[in-house]
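Written out below as structure tokens is the structure these notes cover.
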Amino acid sequence: MNDGRHAGGNITALRSAYASAFRAYLVANDEHGLHAAYELGRDAVARGLGLLELAATHHDVVLAQLDDSCQAEDARRIAHAAGDFLQEALSAYEMVRRGLGETLQAVALERRQAAMLRHLSTLLADTSLAARSLSSLKEALQLAAEHGRELTHARWCLAEADTGVRGPALTSAVSGSPPPSVAELTRQAWAAVLRQDGSGEVVRVSSASAVLAAPLAALDGGSLGMVVVGSEPGREFTDAETAVLAHIAQMASAAVERASRYAR
């Protein structure tokens, strides 16, 4: 009931402001009047009004002006001015509405990413996971690969680690569909990660397609492995996705190091 009264009050307020601004535009017919129309379009979005409500407001205001006119010349002038006025209001409405929609989508995506990262952090921090020794390493890497691919919107993700237990032995997990050249990309990724000398930064592996590698680093700076993601052809990873990959690698690093310590 209160929502209905609120919506009705918003429409009434918009109609009053619209009628006043349109009358002023009919007299001056200048850029100031069109700017007023632009602001009315923005105001309609702010009030939570729909496009149909804005169109109905415009229709009622113009009809009232035509009813007050008694000459054909006035009617033509009003109709012409109405078109320009409405176009300005609609352009502002559409631009603000689109921007608002994109902002809401971005906020929803960030919240979803944050929730998934919290979930991954809980899973990787589970001490029972580490207590299962090397058998848990594959599980930890698989979790990193699956979350890495989904949260960076990658085509594929590879997580690989070398614990050094019982001699050098790589353990890896894959999510998605790696390309046929994944073995060469993995070799390049290892080389790129090792060249960093423990800096922990995400590095670009291939310039031909967007492939990023985030190192898994031990507390002493040693290299434990890496998480590699590859995008669809022609798509670059965003700064936000790169930051998410780095965060996943940090969490996976702790899980891998715990698993290797339990194994020893």
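The values are calculated or read from the model by the stated rules, or taken from the named source; none is laboratory data. No experiment lies behind these values; they were computed from the predicted model shown. All Cβ positions, even for glycine, are placed from backbone atoms using ideal geometry, and neighbour counts span all protein chains on display.
Some points to look at:
- Unique match (being under 40 Å from the mean Cα position of the chain (by Cα) and surrounded by 14 or more Cβ atoms within 10 Å (Cβ to Cβ)) among ASP43, ASP74: ASP43
- Of residues in region 219-242 being exposed (fewer than 11 other Cβ atoms within 10 Å of the Cβ) and within 25 Å of the chain's Cα centre (by Cα), the one nearest to LEU143 (Cα to Cα): ASP239
- Residues that are modelled with pLDDT under 90 and not hydrophobic (A, V, I, L, M, F, W, C) were ranked within region 216-230; the one that is farthest from ALA191 (Cα to Cα) is ASP220.
- The condition of being of a type in the set (D, E, K, R), modelled with pLDDT of 90 or more and part of a helix (DSSP H, G or I) holds for only one of ARG112, ARG23, ARG97, ARG42, that being ARG23.
- Annotation note: Cβ proximity below 8 Å between a residue of region 25-51 that is over 13 Å from SER91 (Cα atoms) and a residue that is of a type in the set (D, E, K, R) (sequence gap 6+ or interchain) occurs for LEU26/ARG77.
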